[in-house]
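Each remark here refers to the structure printed beneath this line.
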Amino acid sequence: MSESKETEIKGIDFAQAMKIVNNNLKLYVRLLENFMNSGMDAKFFEFMNKGDAAGAAQAAHAIKGVSANLSITDVNKVFARLEDALKKGIMPQTNEIAEARQTYNAALETIKTLVSNPSLLEGLKK
């Protein structure tokens, strides 16, 4: 198994995350918890429901940025695509919005598990 696969947990590149936080696991878990409790997704979906492309693009940008900083790769990829489309004036289709919701919720479930059991990450820390 390659090192990148050993340190990737359901859409989180843990090795990259540890580089970003200088191997500070306690800080990383706290940042994950902040992301989990941020409600950033609700803002995005609220803008989408209102048909507010500019607001949705800003919310997608925020989610993209935070997820990149936390190495939450799946969320980052999905919201980067959405932001790009919205900035071009293209409203996402229903299936794209559903994918974003599913991807974000899957990440939240993973994060909830990791925040509740940080010891799961301890064995991966190098």
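What follows is calculated from the coordinates using simple rules that are stated; it is not laboratory data. Please read all numbers here as calculations on a predicted model, not as lab measurements. Positions of Cβ are generated from backbone atoms using ideal geometry, with glycine treated the same way; all protein chains shown enter the neighbour counts.
Structure data summary
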read-out	value
Globularity ratio of the stretch 22-126, using Cα Rg and 2.2 N^0.38 Å	1.13
Test item: Cα-centred dipole of the stretch 3-121, Lys/Arg +1 and Asp/Glu -1 on Cβ, debye	200 debye
Over 18 Å (Cα to Cα) - which of LYS26/LYS112; LYS19/LYS43; LYS50/LYS87; LYS64/LYS87; LYS50/LYS77; LYS10/LYS77 fall in this group	LYS19/LYS43; LYS50/LYS77
Of LEU27, ALA80, GLY11, farthest towards positive along the dipole that unit charges on Lys, Arg, Asp, Glu beta carbons give the chain	LEU27
Acute angle (nearest 10 degrees) that the helix 40-50 long axis makes with the longest principal axis of the chain, alpha-carbon atoms	10 degrees
Using alpha-carbon coordinates, inclination of helix 73-87 to the longest axis of the chain, degrees	20 degrees
